[in-house]
Each structure stands twice: as C-alpha cells, then as structure tokens.
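Q: Once you've had a glance at the structure underneath, I'll fire off some questions.
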Amino acid sequence: MKCTGLLLLMALFLPGCAMRGQDSTRRATVILKLDDLRVEEGQVPGGWQEVFTYLNQAGVVATLGLIGSSLEEDNPPYFDWIISRHEEGHEIWNHGYCHCKPTGPEGEELTEFRGTDLAYQLDHIQRTQQLAESKLGFPLRSFGAPFNATDSTTAAAIHQLPSLQVWMYKADDSNTGAYLLPRTAGVNIEYPTHVPSFDKFLRAYQSNRNAPVLVIQGHPQSWVDKPERMQDFKRIVHHLIADGARFTTPYAYYLAQRGE
C-alpha cells in the first residue's frame, strides 16, 4: 500500500524533530500489534472496521490478533473481511483459541497459556491454525498469547509447531524454535490497557525511537465507543508517519532479518 495526499507529503517532508542523544536520521521500525479480533453478533466489530479503513487510507500495514473460536461458525462476510485484510498486506496472527481464563484443579484462575497443561495449550494453538487454513485459506505464521501470559509449557507447544515462526511478547528468551519479538517496556498505544494516550506514547517513543523494532499493542474494539480513544490512536499513527517510521508485520520483519 502507498501513502496518499497529505499523509504522503508528511511522510516525505516532515521527518520529525531530532531528539538529543538519538540518531534523528534513522527511521523507526514499527509493528502495530492489534489484539482480540472476534465476531460480535455475527458482524466484524465496528472498532476493527474503522481502524482498518483509516490504516488503509494512510497506507499503513498492521496486524490482527485472531481469536480462533470466532471461525467456528460459518460466516462468509466475516471470513471475507479477514481475507481482504490479508490480501492488503496486513498480517493475521494466532491469538489463541478462546481468550479465556479456565479454572485450575484447585479452583484457581488460569489463563489460556499460563498454568494449563501441554495438551490443552497445543490443542488451542493448533485449533486456531487449522481453522485459519480451512476457513480463510492461508496459514498463520505468528503467535501472541491472550493477556501476554505464557509459561514454559507454551514454549514446548510452540516448539512442536514449526508453522508458527514468530512469537510476540514472549517473557523470556528460552529456545522455542520461533523468532522472538520482544515488548519494549513503556512503549504502548494504550495507557492503561484499552485507553490510547498520544501524550504518553510520544514521551515513550522519543526515548526508544532507535530500538531495532517497536512492537506496540492496542485493542481496536475498545476505542469505538469513545471518540477520544480512536482520535488518540490516529494521532499516534499520524505522528509515526510524519516521523518517517517504517511499518511492517511480524512475519515480514522476521523474513527481512533472514535476508529474504
């Protein structure tokens, strides 16, 4: 996709202010990690529609964290919307199957990928992989856990699934066979979760602009009912474009690091 109109001019001629102690000529590399895509009342949620209409107009690629259970019921309009985003160059990634909090044997609250056993975790990742292949017609190459909550069992599960080649926000660097994309502390779309803040983002971004890659997280459906939230998200993207940031996706970044 290409920037158009005013956004293109901004990307070309407004590279952003130089920050003391930083290389102002280096363009930041940014992955927009957008979480929790699922169907609501048979429809693509309005927040997701608005965000991707805006991103396409701005010429920006992003990612969609797909909850696998949303593919279980036959829903061609929902499937077609996801397929269209894939064809536009956005990346659809595996965000687990249920985004749930199961109950442990002692009645304790677990998360989908923390505290559950290997068979459970492997089943939930594989289900989403298989549903994407059968309902959408393409494989998912990247993974990120609901709540960003994982454990050593998750690493063992990912190690058995070579089709998943990138893992976002893994808490440690233990060997899984997947390429790890870490979280840069403090650099987010939302402060706190679900509430975008341009001012807080800007301060964190200025301090971390020269990181190898910034993977920043947000939840589009949490922004649609409060216009100021969507506005701050758009201000963040607007600033990144003006600063000359390169937008990419997890799998594309991984391939680039391999020289492909």
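Q: Out of segment 70-113, which residues are outside any loop (DSSP other than H, G, I, E, B), at pLDDT below 95 and closer than 29 Å to Thr248 by Cβ?
A: Residue satisfying the conditions is Thr111 alone.
Q: Tell me whether segment 151-164 contains one or more residues that are part of a loop (DSSP other than H, G, I, E, B) and either of a type in the set (A, V, I, L, M, F, W, C) or within 21 Å of Ile216 (Cα to Cα) (or both). Outline the logic, then answer.
A: So the first thing to find is which residues in segment 151-164 are part of a loop (DSSP other than H, G, I, E, B), and the list is 151, 160-164.
From what is left, the residues that are either of a type in the set (A, V, I, L, M, F, W, C) or within 21 Å of Ile216 (Cα to Cα) (or both) are 161, 164.
Within segment 151-164, one or more residues are part of a loop (DSSP other than H, G, I, E, B) and either of a type in the set (A, V, I, L, M, F, W, C) or within 21 Å of Ile216 (Cα to Cα) (or both).
Q: Specify the residue that is farthest from Gln217 (Cα to Cα); the eligible residues are those in segment 65-80 that are out of contact with any helix residue (DSSP H, G or I) (no Cβ under 6 Å at 6 or more places or on another chain) and crowded, with 19+ Cβ neighbours inside 10 Å. If you could, list the steps in order and put the result at the bottom.
A: So the first thing to find is which residues in segment 65-80 are out of contact with any helix residue (DSSP H, G or I) (no Cβ under 6 Å at 6 or more places or on another chain), and the list is 65-67, 69-70, 72-78, 80.
From what is left, the residues that are crowded, with 19+ Cβ neighbours inside 10 Å are 65-67, 70, 78.
Values: Gly65: 10, Leu66: 14, Ile67: 16, Ser70: 21, Tyr78: 23 Å.
Of everything passing the filter in segment 65-80, Tyr78 is farthest from Gln217 (Cα to Cα).
Q: In addition: Out of the strands (runs of 3 or more DSSP E) lying entirely within segment 171-260, which hold 2 or more residues that are closer than 19 Å to Ala145 by Cβ?
A: So the answer is 179-181, 214-218.
Q: Right, something else. Inside segment 1-54, can you point out the residues that are under 24 Å from the mean Cα position of the chain (by Cα), within 18 Å of Gln231 (Cα to Cα) and modelled with pLDDT under 95?
A: Correct list: Leu7 only.
Q: Which of the residues that make up segment 137-150 are of a type outside the set (S, T, N, Q) and assigned to a loop (DSSP other than H, G, I, E, B)?
A: Gly137, Phe138, Pro139, Leu140, Arg141, Gly144, Ala145, Ala149
Q: Of these, Phe138, Phe143, which one is modelled with pLDDT of 95 or more and surrounded by fewer than 14 Cβ atoms within 10 Å (Cβ to Cβ)?
A: Within the list Phe138, Phe143, the selection yields Phe138.
Q: Please name all residue pairs, on different chains or six or more residues apart, with Cβ atoms under 7 Å, provided the first residue is in segment 189-211 and is over 22 Å from Ser222 (Cβ atoms) and the second residue is of a type in the set (Val, Ile, Thr).
A: Listed by first residue and then by second, the contacts come to Asn208/Thr184; Asn208/Val187; Ala211/Thr184.
Q: Among the residues of segment 223-240, count how many are surrounded by fewer than 20 Cβ atoms within 10 Å (Cβ to Cβ) and either in contact with a Pro (Cβ under 6 Å, 6 or more places away or on another chain) or not charged (D, E, K, R) (or both).
A: Residues flagged as surrounded by fewer than 20 Cβ atoms within 10 Å (Cβ to Cβ) and either in contact with a Pro (Cβ under 6 Å, 6 or more places away or on another chain) or not charged (D, E, K, R) (or both) within segment 223-240 amount to 6.
The values are calculated or read from the model by the stated rules, or taken from the named source; none is laboratory data. Quick caveat, the model's predicted, so the values are computed rather than measured. Neighbour counts run over all protein chains shown; Cβ positions are idealised from the backbone, glycine included.
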